[in-house]
Each structure stands twice: as C-alpha cells, then as structure tokens.
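What follows draws every value from the coordinates through simple rules; no lab data is involved. Quick caveat: nothing in here was measured; it's all calculated off a predicted structure. All Cβ positions, even for glycine, are placed from backbone atoms using ideal geometry, and neighbour counts span all protein chains on display.
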Amino acid sequence: MSTIVAPSLLAADFLHLGRDIDMLNRSEADWIHLDIMDGVFVPNISFGFPVINLLKKVTHKPLDAHLMIVQPEKFIDDIAATGATLMNVHYEACTHLHRIVNEIRKKGMKPAVTLNPHTPVSLLEDILPDLDMVLLMSVNPGFGGQQFIAHTVRKVAQLKEMILKQQASALIEVDGGVNLETGRMLVDAGADVLVAGSFIFSAEDPGEMIRLLRAL
C-alpha cells in the first residue's frame with residue numbers, strides 16, 4: 001500500500017490559491033491538510049472558515065482539519081459543515097478528550113488526536129481504540145519550514161507498537177520537516193500518512209514530489 005500524502009495548504013500561495021488547489025486535484029495527493037491556528041494555542045494565525053468553506057466547492061480531495069486552537073470542541077459543528085473527513089484535536093488542548101472524540105464521530109467525521117513533540121505517546125493508551133488517527137508533530141506547531149525533530153522516528157515506532165498490541169486501527173500521521181529523507185525514516189518506523197508543506201509547494205514540480213512521497 002502506498003503512503004498517504006496530505007499536502008499542507010498553509011504552504012500554498014494564497015495569491016494563487018485556485019491554481020494550487022487545481023494542482024492538488026490533478027496530483028496523486030490523497031488528502032488536503034488544513035492547519036487552523038488561533039494565535040493562542042500556537043503563536044500564529046492561519047486561515048478560518050471563510051476559506052475552508054470554499055474548499056469543498058473546488059477540491060476533490062478529503063479534508064484533514066488540524067485544529068491548533070484552544071477549546072476545539074466549540075467548533076465541531078463548524079468543521080463538520082465544511083465537509084471535512086477528519087478532525088484533528090490536540091491532546092494538550094482537550095480536558096475532556098473522550099467526550100470530544102465521541103462528538104466528532106457523531107458528526108460524521110473521523111476523530112484524530114495530535115501530540116506536540118514533548119508529549120509522550122503513552123498518554124494515548126486509553127483513548128487509542130477510539131481513534132481513527134494519531135498525528136505526531138515533528139516540529140513545534142505554529143510555523144512552516146521548521147527543522148525535523150529526530151526523536152519523532154522513535155515515537156512513531158512506539159506508537160505503532162501500541163496500536164499493534166491493542167489491535168487498534170488508528171493510522172499514524174506525521175507533520176513537520178517531512179521530505180524524502182525524513183519521510184523514508186518515518187514510513188520505515190510505521191507512519192501511514194505524511195504531511196508536507198513547503199517541501200511540496202516550493203518544489204519545481206510539486207506533483208512529482210507528491211508522487212515520490214507516496215512511493216516511500
């Protein structure tokens with residue numbers, strides 16, 4: 001099975017967003033990854049619902065919504081209304097994680113939980129059977145183009161071991177500093193989904209970079 005590739009729209013050229021969406025539609029990209037930031041949970045603000053709501057009209061790819069915000073539970077209905085397939089919430093932002101995961105699933109989306117680089121995967125032991133995916137951040141969230149944090153490879157292997165031990169079905173997604181070299185290490189360790197932003201959108205041939213990542 002090929003690696004799932006989810007290009008991060010945050011790295012697209014927003015002056016030519018239609019062009020970049022068209023490129024993704026024609027490419028072998030599996031999903032489109034949406035980094036939604038509030039300037040509180042992370043020190044940056046990205047795009048909001050006016051942009052996201054327009055995407056469902058022009059994209060043919062499933063939307064992977066990654067909420068880097070405080071109180072993400074307040075926006076479950078809004079994210080569902082965008083047509084998103086997956087809703088990612090941060091473990092660090094959720095006091096009542098089990099409740100939020102259940103609400104996401106009730107709204108017809110696949111629930112996913114994201115861990116910051118300093119958060120151990122062992123904290124997901126009790127919630128893992130309820131998840132469709134776990135996203136491991138391999139950079140500190142908030143900005144694109146950061147250097148890959150090497151110990152993420154070990155975290156992927158640890159998480160894969162937990163999933164197999166529990167006979168769970170959660171996919172492992174990794175976001176941050178992904179390129180062909182780090183992507184290879186992550187896939188070898190057990191990653192199923194690679195998120196890449198600047199590596200894809202700054203390439204001379206973004207479609208070819210997506211194809212190469214899928215082939216890892």
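Among residues other than GLN158 with Cβ under 13 Å from its Cβ, the summed charge is +2 (Lys and Arg +1, Asp and Glu -1).
Kindly state, to the nearest 0.05, the FRET efficiency for ALA150 paired with SER202, given R0 = 25 Å and r defined as their beta-carbon distance.
Rounded to the nearest 0.05, the efficiency is 0.65.
Between LYS106 and LEU54, residue separation times 0.36 nm minus the direct Cα-Cα distance comes to 16.4 nm. Placing one equal scatterer on every Cα of the chain and applying the Debye formula, the log10 ratio I(q)/I(0) at q = 0.09, 0.12, 0.17 Å⁻¹ is -0.31, -0.56, -1.22. Filter the chain for me: DSSP H helices, axial length by Cα at least 15 angstrom, mean Kyte-Doolittle hydropathy not below -0.5. List them by residue number. The qualifying helices are 152-166. Ordered by the number of other Cβ atoms lying within 10 Å of each residue's own Cβ, fewest first, LYS165, LYS160 fall into the sequence LYS165, LYS160.
For the pair ARG211 and HIS96, label points projected 7 Å from Cα toward Cβ lie 5.0 nm apart. When THR3, THR182 are sorted by how many other C-beta atoms sit within 10 angstrom of their C-beta, beginning with the fewest, the order is THR3, THR182. Taking each of LYS74/LYS160; LYS56/LYS155; LYS61/LYS165; LYS107/LYS165; LYS110/LYS155 in turn, the alpha-carbon distance tops 27 angstrom for LYS74/LYS160; LYS56/LYS155; LYS61/LYS165; LYS107/LYS165. Taking every alpha-carbon pair under 8 Å whose residues sit at least 6 apart, the chain reaches a relative contact order of 23 percent. With neighbours defined as other Cβ atoms within 10 Å of a residue's Cβ, the residues LEU186, LEU10 order from fewest to most as LEU10, LEU186.
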